[in-house]
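Asks: Let me begin by handing over the structure; questions about it come next.
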Amino acid sequence: MTEAAQPSGGLAGMHPAYFALVMATGIVSLACEVVGLHPVAVALFALNLGFYPLLWGLLIARVIRHRDRVRADLVHHARAVGFFTIVAATCVLGSQCLIVGDSLTAALGLWFAGIVLWAVLIYGVFAILTVKTEKPALADGINGGWLISVVAAQSVSVLGAQLAPTLGAHTEAALVFSLAMWLGGGMLYLWIISLIFYRYTFFTMSPSDLAPPYWINMGAAAISTLAGTMLVAAAPHSPALEQILPFVRGFTWMWWATATWWIPMLLILGIWRHGIRKFPLRYDPLYWGAVFPLGMYTVCTFRLSRVVDAEFLGEISRVFVYAALGAWCVVAAGMVWHLLRGPRRAAVR
C-alpha cells in the first residue's frame, strides 16, 4: 500500500486512532466530576467501561483478520501515530477509575499497562517511520495527530502523579518517573509543533488538510498543563520535585497559555474550513480527537486554579465544561447515526 492509500470502511478500515473515543469520553467525565456534575461523570464512566474492552476486541479481531491492513497502518505516516491513542485511553480510563470509580487497584493496573504500551508503541512506531525507505513530503506526512505522542507521555505522567502518594516507599520513584515523562512529553511537543506550524504557514492548506486531529495542537498543551498541576500538587511527597518547584509552576503556566492561544486560532480555521470553504461536516472517528482537547482544557484549567491560588480561573472551567459535553453529545450522535446507516447501506447494495 502506498503512503497515500487509505483502507476502506468496516473492520479492515478501522482507524488506529479510534481509542480517542475512550480518551474523549474519559476526560469529559473527569471534567464533569471536577465541576460538580457527578451523575454525568458516572454515566460517562460506565460507558467507557464498555467502550474500552470493545475497542480492544475490535483491534485484536482486526490484527487477526486484516493483518496486512494493520501492517500498512504501522508504516503510514498519517495513520501510524493513531496507535498512540491506546496509551492515552488506558491512562485516562485509569484516572477515571481513581477519581470517579474510587478504585485504586484498577487505576494502578491501568497505569502499569499504560507504561508498557507507551514504551512499545512510542519506540516501535517512531523506529518504523524512521527506517522506512519511502517517506512522504512533510506537507503530506505531518498532522496534528502526531501530537498524540505527547498526549500519551503526559497521560502516563498525570496518572503516575495521581497515584504516587498512595505508593508508600515507591512514592519518590513514581514522582521522579512522572516528572521525566512530563519533561520528555514537553520536548516532543516543541519538536512536533514546530513542524506543524511550519506546515501551516509555508504550505498551501486545503479544507481537507485541516482535519479534526489539529485540535490536538491545543489538547497536547492542555494535558501538559494538567500533568504539571499534578506534579505541583504532589511536590510535598518528593524532595527532588520540591527543589525545582518554581520551574514546574512556571512551565505549567506556559503550557496553559499555549493551550489558550490555540483555541481562537483553531476556531478561526474551523470557520474557514466549514463556513467559507463549505467543507461537509459529517461523522469521522477523528472528531473524538477534537472533543478530547475541550474536556482536557476544562480539567487542566480547574486544576491550575487550585495549585496556583487563582480561583477565578475555575470559572472558565464551569463554562467550558458545557462546550466539552455538548461536543461529546454531537459526535456521539454522529457515531450512532453512522453505525445505524452502515447496515442499511449494506442492505441496499
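Asks: Can you tell me which residue in the stretch 143-178 is farthest from Pro246 (Cα to Cα), limited to those that are more than 19 Å from the chain's Cα centre (by Cα) and crowded, with 19+ Cβ neighbours inside 10 Å?
Replies: Leu163
Asks: Just wondering, is there one or more residues in the stretch 135-142 that are touching an Asp or Glu at 6+ places or on another chain (Cβ under 6 Å), of a type outside the set (Val, Ile, Thr) and either surrounded by fewer than 20 Cβ atoms within 10 Å (Cβ to Cβ) or in contact (Cβ under 8 Å) with a residue 12 or more places away in the chain (or both)?
Replies: Taking every residue of the stretch 135-142 in turn, at least one turns out to be touching an Asp or Glu at 6+ places or on another chain (Cβ under 6 Å), of a type outside the set (Val, Ile, Thr) and either surrounded by fewer than 20 Cβ atoms within 10 Å (Cβ to Cβ) or in contact (Cβ under 8 Å) with a residue 12 or more places away in the chain (or both).
Asks: Just checking, how many residues over the stretch 236-288 are more than 28 Å from Asp209 (Cα to Cα), within 24 Å of the chain's Cα centre (by Cα) and of a type in the set (D, E, K, R)?
Replies: 1
Asks: Out of curiosity, is Phe292 surrounded by fewer than 18 Cβ atoms within 10 Å (Cβ to Cβ) and of a type in the set (Phe, Trp, Tyr)?
Replies: no
Asks: A follow-up question, please. Taking the condition part of a helix (DSSP H, G or I), within 26 Å of Tyr123 (Cβ to Cβ) and free of Cβ contacts under 8 Å to residues at least 12 places away in the same chain, does Phe197 pass?
Replies: Yes, satisfied.
Asks: Against the condition of a type in the set (A, V, I, L, M, F, W, C), assigned to a helix (DSSP H, G or I) and under 23 Å from Ala323 (Cβ atoms), how does Val92 come out, does it pass?
Replies: Taking the combined requirement at face value, the residue satisfies it.
Asks: For Leu110, state whether it is part of a helix (DSSP H, G or I), under 30 Å from Val131 (Cβ atoms) and modelled with pLDDT of 95 or more. Even if it seems obvious, please write down each step before you answer.
Replies: Numbers: part of a helix (DSSP H, G or I): yes; under 30 Å from Val131 (Cβ atoms): no; modelled with pLDDT of 95 or more: yes.
Considered against the rule, which asks whether it is part of a helix (DSSP H, G or I), under 30 Å from Val131 (Cβ atoms) and modelled with pLDDT of 95 or more, Leu110 comes out as no.
Asks: Just to check your reading of the model, which residue among Pro264, Pro236 is of a type outside the set (A, V, I, L, M) and either buried (at least 21 other Cβ atoms within 10 Å of the Cβ) or under 30 Å from Leu108 (Cβ atoms) (or both)?
Replies: That would be Pro236, the only listed residue that is of a type outside the set (A, V, I, L, M) and either buried (at least 21 other Cβ atoms within 10 Å of the Cβ) or under 30 Å from Leu108 (Cβ atoms) (or both).
Asks: Give the number of residues within the stretch 111-123 that are more than 15 Å from the chain's Cα centre (by Cα) and over 23 Å from Ser194 (Cα atoms).
Replies: Residues that pass the stated criteria total 7.
Asks: OK, next. State the number of residues belonging to the stretch 64-82 that are within 19 Å of Ile122 (Cβ to Cβ) and assigned to a helix (DSSP H, G or I).
Replies: Residues meeting the conditions: 10.
Asks: Can you tell me how many residues in the stretch 199-222 are of a type in the set (Ser, Thr, Tyr) and touching a Lys or Arg at 6+ places or on another chain (Cβ under 7 Å)?
Replies: Residues meeting the conditions: 0.
Asks: Quick test of your reading of the structure: Ala17 fulfils all but one of (1) more than 28 Å from Leu163 (Cα to Cα); (2) of a type in the set (Gly, Ala, Ser); (3) modelled with pLDDT under 95; (4) in a helix (DSSP H, G or I). Name the failing condition by number.
Replies: (1)
Asks: For Ser149, are the conditions met, namely being over 21 Å from Thr258 (Cα atoms) and touching a Leu at 6+ places or on another chain (Cβ under 6 Å)?
Replies: Against the criterion (over 21 Å from Thr258 (Cα atoms) and touching a Leu at 6+ places or on another chain (Cβ under 6 Å)), Ser149 does not qualify.
The values are calculated or read from the model by the stated rules, or taken from the named source; none is laboratory data. This is a predicted model, so every value here is computed, not measured. Positions of Cβ are generated from backbone atoms using ideal geometry, with glycine treated the same way; all protein chains shown enter the neighbour counts.
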